[in-house]
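To start, the structure under review is shown below, and the notes come after it.
The values are calculated or read from the model by the stated rules, or taken from the named source; none is laboratory data. All of these numbers come straight from a predicted model, not from anything done at the bench. Neighbour counts are summed over all protein chains in view; Cβ atoms, including those assigned to glycine, are modelled from backbone coordinates with ideal geometry. Quick note on the areas: whole protein, heavy atoms, side chains included, nothing else; ligands and nucleic acids left out. Shrake-Rupley method; radii C 1.70, N 1.55, O 1.52, S 1.80 Å.
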Amino acid sequence: MIAELICVGTELLMGQILNTNAHFIAKELAPSGIDMYHQVVVGDNPTRLSEAVQTALRRADVVLLSGGLGPTDDDLTKETVAEAMGKELVLFEDEWKKLISWFTSKGRTIAPNNKKQAMFPIDAIILPNPNGTAPGCIMEADGKAAILMPGPPRELQPMFLNHVMPYLLKRSGHRLYSREVRIFGMGESDVTYRLDDLIKHQTNPTIAPYAKTSEVTLRITARCQSDEEGEALVTPMIEAIRETLGDVVYDTDGHELSEVCHRALIASGKTLAVAESCTGGRLADAFINWPGSSAYLIEGDVTYSNDAKMRRLGVRKETLDTVGAVSEECAKEMAEGLRKAAGTDYALSTTGYAGPDGGEPGKPVGTVFIAFASEDKTVVKRLNLFGDRDRIRHSAMLNALDLLRRNICTK
């Protein structure tokens with residue numbers, strides 16, 4: 001099956017916003033066995049949009065469109081596609097009532113022009129949009145299909161995953177089964193280099209790498225007839241990846257690093273406290289995001305000043321005067337001091353220069369020390385991070401989680 005993508009919006013052509021929808025849809029389609037040979041960006045012009053739609057319908061089985069489903073006069077995607085497919089738009093009363101209810105729940109008054117968002121061809125398949133006011137829809141005619149989705153990524157992405165992808169797979173006769181391998185401590189280029197032989201010879205299942213800040217995810221996807229068959233296909237590939245990459249693989253079911261640590265702490269019954277300087281509460285927040293974290297997270301201290309480090313954590317004045325707050329010794333004393341003060345099994349600490357100012361000879365911006373303390377040992381790690389302030393703080397938080405993971409998770 002051949003699909004074509006049309007992204008609608010003058011703001012895309014003018015570079016006012018980044019076309020992340022094209023990247024997302026192409027990435028999701030890649031392992032599905034659905035071919036895509038063309039992507040088009042067209043402005044909010046009915047004539048040019050009509051030409052793009054008619055061309056796409058001639059050369060593709062399914063045309064995917066994003067954007068142009070709003071209530072304004074220049075939101076003409078639905079009207080243009082309906083005309084190209086010989087369909088008339090009518091008001092769907094149930095969708096109109098949902099729109100009125102949505103506006104009422106937000107304390108807002110619905111405008112008359114919003115009614116166009118509840119108009120569709122009589123035989124259209126409606127795609128729900130709980131994240132916005134513009135439902136999507138699927139129009140079918142003469143063996144072709146046009147799938148219309150809203151432009152905002154936070155609306156398009158869940159609609160695509162929950163409704164569009166199942167429709168496409170059913171139409172193409174394919175079924176997909178995926179698992180995500182999560183990696184921390186190795187960059188994307190190194191990961192793909194080490195897995196080069198597996199990637200070169202992949203057929204079914206396939207490996208798709210995705211890089212995030214300081215992390216890499218591999219999506220392993222199999223075309224199959226059932227979940228059981230899919231699991232049987234992906235398992236050997238995942239084991240081969242584990243064997244090749246080693247302990248930088250921290251999960252094979254798509255769980256985030258913070259969740260892996262959360263689960264390990266819940267299972268162990270151990271308690272944790274965190275002392276933060278440069279991360280400023282991000283480490284504690286990573287745990288608090290998970291329900292049930294109160295079972296183990298006893299305390300979180302943001303000790304930004306030297307005085308707070310001494311008074312709350314017991315860091316020695318001599319340490320701060322001789323080697324400074326950004327040092328291996330300070331990180332060690334922060335973790336050990338808090339563990340003792342809080343009475344926990346484990347403690348984590350972070351201290352460093354997040355920038356853009358600061359740093360000193362031998363310790364430039366991006367120098368961060370993290371420490372893990374337990375009753376038996378204290379482990380300190382120096383990091384040399386890069387990027388802006390936000391990236392350095394985020395990377396420091398992830399490295400602290402990984403240090404915890406490596407010291408508490410069973411192999």
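Only one of these is under 30 Å from Ala208 (Cβ atoms) and without any contact (Cβ under 8 Å) to a residue 12 or more places away in the chain: Pro166, Pro112, Pro150. Name it. Even if it seems obvious, please write down each step before you answer.
Values: Pro112 fails: under 30 Å from Ala208 (Cβ atoms); Pro150 fails: without any contact (Cβ under 8 Å) to a residue 12 or more places away in the chain.
Selected residue: Pro166, the only one of Pro166, Pro112, Pro150 that is under 30 Å from Ala208 (Cβ atoms) and without any contact (Cβ under 8 Å) to a residue 12 or more places away in the chain.
The set of residues from the range 205-218 being open to solvent by less than 50 Å² (accessible area, probe 1.4 Å) and under 16 Å from Arg182 (Cβ atoms) comprises Ile207, Ala208, Pro209, Tyr210, Ser214, Glu215, Val216, Thr217, Leu218. Counting the residues of the range 3-30 that are in contact with a Pro (Cβ under 8 Å, 6 or more places away or on another chain) and open to solvent by less than 30 Å² (accessible area, probe 1.4 Å) gives 2. Taken over the range 82-111, residues that are open to solvent by 50 Å² or more (accessible area, probe 1.4 Å) and either part of a helix (DSSP H, G or I) or at pLDDT below 95 (or both) amount to 14.
Of everything listed in (1) on the phi > 0 side of the Ramachandran plot; (2) touching a residue at least 24 places away in the same chain (Cβ under 8 Å), the single unmet condition for Gly359 is (2). Name the pairs: first residue in the range 36-50 and over 25 Å from Ser172 (Cα atoms), second residue aliphatic (A, V, I, L, M) and part of a loop (DSSP other than H, G, I, E, B), Cβ to Cβ under 6 Å, at least 6 apart or on different chains? Partner pairs satisfying both residue conditions: Pro46/Leu76.
Scan the range 373-386 and tell me whether some residue there is buried (at least 24 other Cβ atoms within 10 Å of the Cβ) and outside any helix (DSSP H, G or I). Among the residues of the range 373-386, at least one is buried (at least 24 other Cβ atoms within 10 Å of the Cβ) and outside any helix (DSSP H, G or I), which makes the answer yes.
Every condition in (1) in a helix (DSSP H, G or I); (2) touching a residue at least 12 places away in the same chain (Cβ under 8 Å); (3) open to solvent by 10 Å² or more (accessible area, probe 1.4 Å) is met by Asp390 except one, and the failing one is (2).
Return yes when Arg312 is surrounded by 14 or more Cβ atoms within 10 Å (Cβ to Cβ), under 34 Å from the mean Cα position of the chain (by Cα), of a type in the set (Lys, Arg) and not in a loop (DSSP other than H, G, I, E, B) and no when it is not. Before you say what the answer is, go through the steps one by one.
Values: surrounded by 14 or more Cβ atoms within 10 Å (Cβ to Cβ): yes; under 34 Å from the mean Cα position of the chain (by Cα): no; of a type in the set (Lys, Arg): yes; not in a loop (DSSP other than H, G, I, E, B): yes.
When the stated conditions are applied, Arg312 does not pass them.
One residue is enough: does the range 334-355 have a residue meeting the conditions within 24 Å of Arg311 (Cβ to Cβ), among the aliphatic types (A, V, I, L, M) and part of a strand (DSSP E or B)? Looking for residues that are within 24 Å of Arg311 (Cβ to Cβ), among the aliphatic types (A, V, I, L, M) and part of a strand (DSSP E or B), one finds at least one in the range 334-355, hence yes. Scanning the range 120-179 for residues that are open to solvent by less than 60 Å² (accessible area, probe 1.4 Å) and part of a helix (DSSP H, G or I) gives Pro153, Glu155, Leu156, Pro158, Met159, Phe160, Val164, Met165, Tyr167, Leu168, Leu169, Ser172. Selection within the range 265-291: residues that are among the polar types (S, T, N, Q) and under 25 Å from the mean Cα position of the chain (by Cα). The member of this set that is surrounded by the fewest Cβ atoms within 10 Å (Cβ to Cβ) is Asn289. Just one residue in the set Ser294, Ser226 is modelled with pLDDT under 95, exposed (fewer than 14 other Cβ atoms within 10 Å of the Cβ) and out of contact with any Gly (no Cβ under 9 Å at 6 or more places or on another chain); that residue is Ser226.
Taking the criterion of being in contact with a Ser or Thr (Cβ under 9 Å, 6 or more places away or on another chain), surrounded by fewer than 23 Cβ atoms within 10 Å (Cβ to Cβ) and closer than 18 Å to Leu404 by Cα, the residues of the range 321-341 that qualify are Lys332, Glu336.
Counting only residues that are under 20 Å from the mean Cα position of the chain (by Cα) and in a loop (DSSP other than H, G, I, E, B), the range 180-221 holds 5 of them.
Matching residues to (1) surrounded by 12 or more Cβ atoms within 10 Å (Cβ to Cβ); (2) among the hydrophobic types (A, V, I, L, M, F, W, C); (3) within 20 Å of Ile6 (Cβ to Cβ):
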position: Glu51; (1), (2), (3): yes, no, yes
position: Thr55; (1), (2), (3): yes, no, yes
position: Gly67; (1), (2), (3): yes, no, yes
position: Leu76; (1), (2), (3): yes, yes, yes
position: Ala118; (1), (2), (3): yes, yes, no
